[in-house]
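Peer 1: One structure is given below, represented as structure tokens, and several questions about it will come after.
The values are calculated or read from the model by the stated rules, or taken from the named source; none is laboratory data. If you're wondering where the values come from, they're calculated on a predicted model, not measured in any experiment. As a convention, Cβ positions derive from the backbone with ideal geometry for all residues, glycine included, and neighbour counts pool all protein chains shown.
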Amino acid sequence: MKQCLELIPFSKLEGLGNDFIVIETESLDENLCFDLAQKISNRCFGVGADGLILFHSITPSARADFSMRIFNADGSEAELSGNGLRCLAAYLWHHGLHSHNPLRVETRAGLKEVELTHSTPPEYFFEVGMGSPILDRNHIPLNLDSEPDSLVGFDLALGDKVYQVTITSMGNPHCSIFLDDFGAMDWERLGSRIETHPAFPNRTNVEFIQVRNRQEIEVRFWERGVGKTHASGTGSCAAVVASVLNGYTSREVKVHTLGGSLEISWQANDSLCLKGPARFICHGQYSYVNPGR
């Protein structure tokens, strides 16, 4: 097979330190998506990012303006990213590729709307309709030894220990754990073990939650296919859902992350609204060695 060098235009953006590379493409060989995501996301040998966003415009008659696919740094594909949605929206506004509000984006987790609220370029602020959380055991891929009465406060065995977790989905799987002190637990190691736990056939994202009060929580994230991240949009939503279901908070919560804060509202219509920024970092060309066929 003959290798081929391609110069691929890209932009890099971040949402609270959760960074993405954004590339416009009408079509790309699916096998190359995985390879490109791994290479360009590598922080030592590539551009460096938590993930890759590929998008293309859709004809005006369609229900969405754009379609997007998200690939984690390990090359696996994710169903949804709240920070990624904002990064794509910021890219489109920054380059003048979109003008009307709200922006409608087709994702693997369904249609999402992203509304620009204000901007101070290169930073843009959005409200994102994240949809309703999935709480039905029958609609969350799980491989459990027995049928639990509830996925809220579920006992998850890991080695010789049992952890009380709350399992939800935002279109992508989430496992939330409450703790009193981040320093008292090696949460990164635990997150990596839970990600690949046999209970989650598609692996899972993991949130470690410290409740400050009924309106504020602090969260650390272990993201499937990435590892530790500064922030997570779907993870913040899942953390709020878990906090509400366990009776710890109200339905309007400020989520403090390592990269900053997001505002999450679990509305009366069951949909979650996420408010937060995204920032344009740079634009360039990536020298991609296409492995060929």
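Peer 1: Picking from Ser232, Ser271, which residue would you name as being hydroxyl-bearing (Ser, Thr, Tyr) and over 14 Å from the mean Cα position of the chain (by Cα)? Before the answer, list the steps.
Peer 2: Details: Ser232 fails: over 14 Å from the mean Cα position of the chain (by Cα).
Answer to the selection: Ser271.
Peer 1: Now a separate question. Being over 19 Å from the mean Cα position of the chain (by Cα) and either part of a helix (DSSP H, G or I) or at positive phi (or both) is the filter here; which residues of the range 166-192 pass it?
Peer 2: Taking the range 166-192 and keeping what is over 19 Å from the mean Cα position of the chain (by Cα), we get 178-186, 189-190.
Answer for the range 166-192, where residues must be over 19 Å from the mean Cα position of the chain (by Cα) and either part of a helix (DSSP H, G or I) or at positive phi (or both): Phe182, Gly183, Ala184, Arg189, Leu190.
Peer 1: Might you let me know whether the range 211-226 holds any residue that is among the small types (Gly, Ala, Ser) and touching a helix residue (DSSP H, G or I) at 6+ places or on another chain (Cβ under 8 Å)?
Peer 2: Taking the range 211-226 as the starting set, the residues that turn out to be among the small types (Gly, Ala, Ser) are 225.
After this cut, where a residue has to be touching a helix residue (DSSP H, G or I) at 6+ places or on another chain (Cβ under 8 Å) as well, the list is none.
No, that holds for no residue.
Peer 1: Still on this model: Going through Leu97, Leu52, Leu80 one at a time, which residue ends up being part of a loop (DSSP other than H, G, I, E, B), closer than 18 Å to Ala278 by Cα, among the hydrophobic types (A, V, I, L, M, F, W, C) and within 17 Å of the chain's Cα centre (by Cα)?
Peer 2: Numbers: Leu97 fails: within 17 Å of the chain's Cα centre (by Cα); Leu52 fails: part of a loop (DSSP other than H, G, I, E, B).
So the residue among Leu97, Leu52, Leu80 that is part of a loop (DSSP other than H, G, I, E, B), closer than 18 Å to Ala278 by Cα, among the hydrophobic types (A, V, I, L, M, F, W, C) and within 17 Å of the chain's Cα centre (by Cα) is Leu80.
Peer 1: Could you list all residues from the range 172-185 that are modelled with pLDDT under 95 and surrounded by 11 or more Cβ atoms within 10 Å (Cβ to Cβ)?
Peer 2: Across the range 172-185, the qualifying residue is only Met185.
Peer 1: Return yes or no: is Ile281 crowded, with 20+ Cβ neighbours inside 10 Å, out of contact with any Gly (no Cβ under 9 Å at 6 or more places or on another chain) and either under 19 Å from Leu116 (Cα atoms) or free of Cβ contacts under 8 Å to residues at least 40 places away in the same chain (or both)?
Peer 2: On the way: crowded, with 20+ Cβ neighbours inside 10 Å: no; out of contact with any Gly (no Cβ under 9 Å at 6 or more places or on another chain): yes; either under 19 Å from Leu116 (Cα atoms) or free of Cβ contacts under 8 Å to residues at least 40 places away in the same chain (or both): yes.
For Ile281, the condition - crowded, with 20+ Cβ neighbours inside 10 Å, out of contact with any Gly (no Cβ under 9 Å at 6 or more places or on another chain) and either under 19 Å from Leu116 (Cα atoms) or free of Cβ contacts under 8 Å to residues at least 40 places away in the same chain (or both) - is not met.
Peer 1: Also, I was wondering about something else. Residues in the range 205-242 that are out of contact with any Phe, Trp or Tyr (no Cβ under 9 Å at 6 or more places or on another chain), of a type outside the set (A, V, I, L, M) and under 21 Å from Ala73 (Cα atoms): how many?
Peer 2: 4
Peer 1: Now for a different question. How about the range 72-90: which of its residues are over 24 Å from Pro122 (Cβ atoms) and polar (S, T, N, Q)?
Peer 2: Matches in the range 72-90: Asn72, Ser76.
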